[in-house]
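Asker: Below you will find the structure I want to go over with you.
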Amino acid sequence: MTQKLDTRKLAFVASDNPEAAQARQALHARYDGVDVEEADVIIALGGDGLMLQTLHASMKNGTPIFGMNCGSVGFLMNRYEEDNLRERLAAAKLSLLHPLKVTTTSVSGESHEALAINEVSLLRESAQAAKLQISIDGRVRMEELVCDGVLLSTPAGSTAYNLSAHGPILPIDAALLALTPISAFRPRRWRGAILPEVAQVTITTLETSKRPVSAVADHAEFRNVSEVHIAQDRSHQLFMLFDADHSLDERILAEQFSQ
């Protein structure tokens, strides 16, 4: 995505990591940092967890975010350098993301909504495996999945929980979602599916009294759900900035060929 970026007003946010806090102090002084509400660009200093937190915080205003890695995990972060920051931002690649909107209905009939940037997960609450029915765009595609859970991931989240569950890595600009089982027992060989980003996914829990299931949208949890509906929310726009040398693309390729 190409867009002329205003880089005059920069805000700096950091994780609790002492290294990140020190970097924020130095960069704020060097580049005349402003408050987040005034910023043309937000610089997030930390790891992928901070990036997720910053994206959620900027959900309403859509301020572009450029992450620099000062944490232990920084798959979505650029390399940390203090020099030539505005030049890097001016040359950066702008990626547009839309979060997932999840609507849950509990066994007792209560309804809740939340937004997820990384993934929506359904997880068993007890020793009993979950039994789930999966529908895509109103058509039942899997009558019964017996598992520890299942998750629907965006490209931004595909390197997080989805990757740990052996789901596919999606390029950040891919118009796709990854539907990934967590410890599938039956059908045991099902490895999930790649869906178009416009897919409407409905997951119905079976035998709810015996097999309670919770739904988690990033950090928001809803327990004992009977049905979960997930769809992309195009009313919210999130912008992430990556260095022009496509280092994220390289990291995605390297991760898929790692041993």
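The values are calculated or read from the model by the stated rules, or taken from the named source; none is laboratory data. Please read these numbers as outputs of a predicted model, since none were measured by experiment. Ideal geometry is used to build each Cβ from the backbone, glycine not excepted, and the neighbour counts take in all protein chains shown.
Asker: Leu151 - would you say it is of a type outside the set (Ser, Thr, Tyr), surrounded by 21 or more Cβ atoms within 10 Å (Cβ to Cβ) and in contact with a helix residue (DSSP H, G or I) (Cβ under 7 Å, 6 or more places away or on another chain)?
Answerer: Considered against the rule, which asks whether it is of a type outside the set (Ser, Thr, Tyr), surrounded by 21 or more Cβ atoms within 10 Å (Cβ to Cβ) and in contact with a helix residue (DSSP H, G or I) (Cβ under 7 Å, 6 or more places away or on another chain), Leu151 comes out as yes.
Asker: Would you please list the contacts, defined by Cβ atoms under 8 Å and residues six or more apart or on different chains, that run from a residue in segment 32-48 that is part of a helix (DSSP H, G or I) to a residue that is among the charged types (D, E, K, R) and surrounded by fewer than 21 Cβ atoms within 10 Å (Cβ to Cβ)?
Answerer: From residues that are part of a helix (DSSP H, G or I), the pairs are Glu38/Lys9.
Asker: Quick one: Ser158 ticks every box in (1) buried (at least 23 other Cβ atoms within 10 Å of the Cβ); (2) of a type in the set (Ser, Thr, Tyr); (3) more than 17 Å from His98 (Cβ to Cβ) bar one, so which box is it?
Answerer: (3)
Asker: Whether any residue in segment 162-174 is at negative phi, in the same structural domain as Leu45 (by TED's automatic domain parsing) and hydroxyl-bearing (Ser, Thr, Tyr) is what I want to check.
Answerer: no
Asker: Go through Val140, Val225 for me and flag whichever is crowded, with 19+ Cβ neighbours inside 10 Å and of a type in the set (A, V, I, L, M).
Answerer: Testing whether each residue is crowded, with 19+ Cβ neighbours inside 10 Å and of a type in the set (A, V, I, L, M) leaves just Val225.
Asker: Now for a different question. May I ask you to list pairs of residues, at least six apart or on different chains, whose Cβ atoms are under 6 Å apart, with the first in segment 131-154 being within 14 Å of Val228 (Cα to Cα) and of a type in the set (D, E, K, R) and the second being modelled with pLDDT of 95 or more and in a strand (DSSP E or B)?
Answerer: From segment 131-154, the pairs are Lys131/Glu144; Lys131/Val146; Lys131/Leu206.
Asker: A further question on this structure: Given the structure, is Leu115 aliphatic (A, V, I, L, M), assigned to a strand (DSSP E or B), modelled with pLDDT of 95 or more and out of contact with any helix residue (DSSP H, G or I) (no Cβ under 7 Å at 6 or more places or on another chain)?
Answerer: So Leu115 passes the test.
Asker: Somewhere in segment 64-84, is a residue touching a helix residue (DSSP H, G or I) at 6+ places or on another chain (Cβ under 8 Å), among the polar types (S, T, N, Q) and within 22 Å of Val213 (Cβ to Cβ)?
Answerer: no
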